[in-house]
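Some notes on the structure that comes next.
The values are calculated or read from the model by the stated rules, or taken from the named source; none is laboratory data. The structure displayed is predicted, hence computed values, not measured ones. Positions of Cβ are backbone-derived with ideal geometry, glycine not excepted, and every protein chain shown enters the neighbour counts. Accessible surface areas use protein heavy atoms only, side chains included; no ligands, DNA or RNA. Shrake-Rupley method; radii C 1.70, N 1.55, O 1.52, S 1.80 Å.
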Amino acid sequence: MPASKQREKVRFASGDTSCAAWHYPGSNGGCVIMAGGTSVTKEPASDLFAARFNDAGFAVLAFDHRRFGESGGTPRQIVRFDEQVADWHAAIEYAAGLPDVAPDRVAVWGFSLAGGHVFRVAADHPRLACAIAQTPLVDGRAVAPHALRSMTPLAALRLFGRGVADTLGGLVGRPPLLVPTAGPRGAVASLTTPDAMDADRALDPERRHTNWEQTVAARIALQVGGYRPGRHASRIRCPLLVVVCDQDQSTLPGPAVRAARNAPEAEVVHLSGRHYAPFLASHEQAVEAEIAFLQKHLDPRDPR
């Protein structure tokens, strides 16, 4: 469970608003910036891993993307890829100025959609010490056909119809049309892959995160197929750890493995299980691999 007695709520400016974050003070000068995918807010996204990273001596800055959780920005529940990447840039700048952080020992960690953002962010920040992408969405074009096959034809038509209506409504200032982030096959939801419904038991098994709104503006259905952050892999100059799950039905392991091959200093860790296995049965294997990677590249007590 999170070392909540040691963490403090902070905010940092991003664009024309601000992002809310938890800051876990560290002891070794290293800092891990963390965020979750789609509508997953900072607590369910990071609590399980952040506590372990912090116990290993690293500072952690776990934040909500704008328009989600406790961060600012309206309308709410809208994913805009460029905005979210800009939030990462702002988080890096903020973290580098924290008193317990050495500016040259900052890392980024994201999973699912945020894991895809890690590829873009790391490519744009050659001075990052290292980066971790866990079950990342690196190629929407490769994943979209599988996601569509996981929907019933009627549900797919209704989702894309709602996405068009949401997009057009947004142009004239109407509130977003929201859909569940995940649902069973046949539901009108952003994702209905076989492992999509594992999120609750993986990220919030004790139902503690009562303010976590698990919805997203339907326009994401029209956008995600064109999001291909893995194409930035060749520009990543820092060490990169890519964690894939071999039975992942949501982001699929293949695109992430192929993207990692294009990054000059990439390592790939294969876990058994589906998309949320790093939070479930494969958690110890995941967290141990990630801490070892962070110690190698962030902790000055370990030679690089």
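For region 249-267, a tally of residues being surrounded by fewer than 24 Cβ atoms within 10 Å (Cβ to Cβ), touching a strand residue (DSSP E or B) at 6+ places or on another chain (Cβ under 8 Å) and over 21 Å from Arg127 (Cα atoms) returns 2.
Filter region 158-194 down to residues that are under 23 Å from Asp248 (Cα atoms) and among the hydroxyl-bearing types (Ser, Thr, Tyr) and give me whichever is nearest to the chain's Cα centre (by Cα). Selected residue: Thr181. If you go through region 79-103 and keep only what is of a type in the set (A, V, I, L, M), in contact with a helix residue (DSSP H, G or I) (Cβ under 8 Å, 6 or more places away or on another chain) and either within 28 Å of Pro180 (Cα to Cα) or surrounded by fewer than 17 Cβ atoms within 10 Å (Cβ to Cβ) (or both), you end up with Val79, Val85. With respect to Arg207, is the statement that it is modelled with pLDDT under 95, over 27 Å from Arg162 (Cα atoms) and of a type in the set (Lys, Arg) true? Spelling it out, Arg207 is indeed modelled with pLDDT under 95, over 27 Å from Arg162 (Cα atoms) and of a type in the set (Lys, Arg). Scanning region 243-280 for residues that are part of a helix (DSSP H, G or I) and in contact with a helix residue (DSSP H, G or I) (Cβ under 9 Å, 6 or more places away or on another chain) turns up Gly254, Pro255, Ala256, Arg258, Ala259, Ala260, Arg261, Ala277, Pro278, Phe279. Test Phe119 against the stated conditions and say whether it is under 21 Å from Val243 (Cβ atoms) and in contact with a Leu (Cβ under 9 Å, 6 or more places away or on another chain). So Phe119 passes the test. Among what's in region 16-34 and is assigned to a loop (DSSP other than H, G, I, E, B) and touching a residue at least 60 places away in the same chain (Cβ under 8 Å), pick the residue that is most open to solvent (accessible area, probe 1.4 Å). In this case the residue turns out to be Ser27. Across region 104-122, the qualifying residues are those that are open to solvent by 10 Å² or more (accessible area, probe 1.4 Å) and more than 20 Å from Gly15 (Cβ to Cβ), and the one among them that is nearest to the chain's Cα centre (by Cα) is Ser112. All of Gly72, Gly37 fail the test of being of a type outside the set (Lys, Arg), part of a loop (DSSP other than H, G, I, E, B), at negative phi and surrounded by fewer than 20 Cβ atoms within 10 Å (Cβ to Cβ), apart from Gly72.
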